[in-house]
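Derivation of every value follows stated rules applied to the coordinates shown; laboratory data play no part. Just so we're clear, the structure is a prediction, and the values are computed from it rather than from any experiment. Neighbour counts run over all protein chains shown; Cβ positions are idealised from the backbone, glycine included.
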Ligand SMILES: [Cu+2]
């Protein structure tokens with residue numbers, strides 16, 4: 001197909017230039033911007049007094065938080081639109097005060113976010129494991145107004161996971177997805193890629209209530225699924241991935257992503273093309289491939305506190321060791337209420353994979369929430385129910401034996417409760433100490449392999465870049 005053959009070469013050329021530009025540009029902007037402190041800001045603010053204005057009125061759910069006492073310049077509604085994006089073109093409920101450091105450099109607005117965890121995990125039973133690991137990511141965005149109605153933004157997100165999660169995985173009971181050392185990962189979570197995202201956005205305000213947006217990302221997040229867990233407000237105090245990740249939001253690291261979207265008042269419709277293969281085991285590189293997969297997503301933002309989406313996509317041959325494609329459908333609903341000391345954030349997600357090779361339909365459900373209690377304390381939880389058919393991948397004798405007697409798909413429940421306490425150790429970092437605990441429900445048929453009551457627990461230190469007061 002022309003679509004598959006012609007476009008990649010064009011994108012390759014674009015990528016060569018754009019990668020260099022983005023990396024250089026973002027860090028040129030980031031360096032001085034991070035270095036300059038309050039004094040210089042106020043000086044510049046006097047000179048450039050063009051306060052951010054948003055002509056869309058108070059009822060507009062997209063006229064979100066970045067308004068409040070910001071340290072930004074040259075903003076228009078299209079700028080505001082881009083700054084509210086979470087990962088790719090996905091959006092948390094706009095009421096969420098995103099934990100980002102905002103400043104500007106010349107006429108560029110810049111935003112920085114960073115999170116790192118140091119985790120000790122203990123997973124029980126014959127298939128459990130223990131490990132010390134450190135998932136982390138850092139994101140830098142630079143935004144510039146383009147004329148009165150347009151805005152451009154570039155995002156770069158990096159993670160040192162490939163180095164800080166050794167052995168290509170960390171233990172996580174019942175987790176599946178991707179490969180390590182040529183084998184399917186089972187009961188473990190893969191690290192994320194060094195370049196988690198590199199993307200370019202353009203938004204144009206057509207009329208007072210309508211905005212067009214385009215996104216191209218050599219590595220990015222197509223219009224499929226809810227906000228991915230590393231960026232999701234309700235998952236902020238949970239260092240481990242949900243076991244429904246590959247049913248719901250695993251495409252957040254995809255290649256050759258092209259998305260166009262139109263937002264009218266409280267509704268947004270998006271369509272994406274992307275390369276469907278999951279990241280390979282070399283997590284330091286950007287992989288390339290044809291735009292062979294598609295997705296479309298419809299958002300609804302009833303008020304600033306709510307974000308809902310439904311999406312569907314066809315992912316061509318996502319899993320390296322399994323034949324066939326996946327047709328994924330997801331729906332999610334998020335509620336966020338800012339409170340003293342943080343935000344109460346909750347998300348419900350349904351995700352379903354239809355595997356074209358086996359014709360299986362696998363469902364997953366997730367509910368998670370984080371609640372700030374008094375100041376400096378967070379209570380968090382996550383409950384999941386997932387149909388798993390890969391738990392015995394690579395163990396064909398057991399797989400066949402189970403298939404004969406009980407079938408190929410096992411419904412797994414995972415129930416996590418956690419607590420984090422903020423401790424003020426550093427001026428520019430929100431440091432917290434936390435722990436969580438997971439119990440599982442599983443069919444009797446697989447208890448001999450997992451024990452009757454498998455458990456998982458984590459203790460961790462959380463570091464997060466602290467927004468300006
Ligand atoms: Cu992921």
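Counting 0.36 nm for each residue step from residue 300 to residue 122 and taking away their Cα separation leaves a gain of 60.1 nm. Centroid-to-centroid, using Cα positions, the range 305-377 and the range 69-136 are 17 Å apart.
In plain terms, the residue of 447, 266 with the fewest other Cβ atoms within 10 Å comes first and the most crowded comes last, giving 447, 266. Counted by neighbouring Cβ atoms within 10 Å, the residues 83, 339, 72 run from fewest to most as 339, 72, 83. For the peptides 362-372, 395-405, the ranking by packing is 362-372, 395-405, with the highest mean count of neighbouring Cβ atoms within 10 Å listed first. What distance in nm separates the two pseudo spin-label positions at residue 428 and residue 132, each 7 Å out from Cα along the beta-carbon direction? About 2.6 nm separates the two model spin labels.
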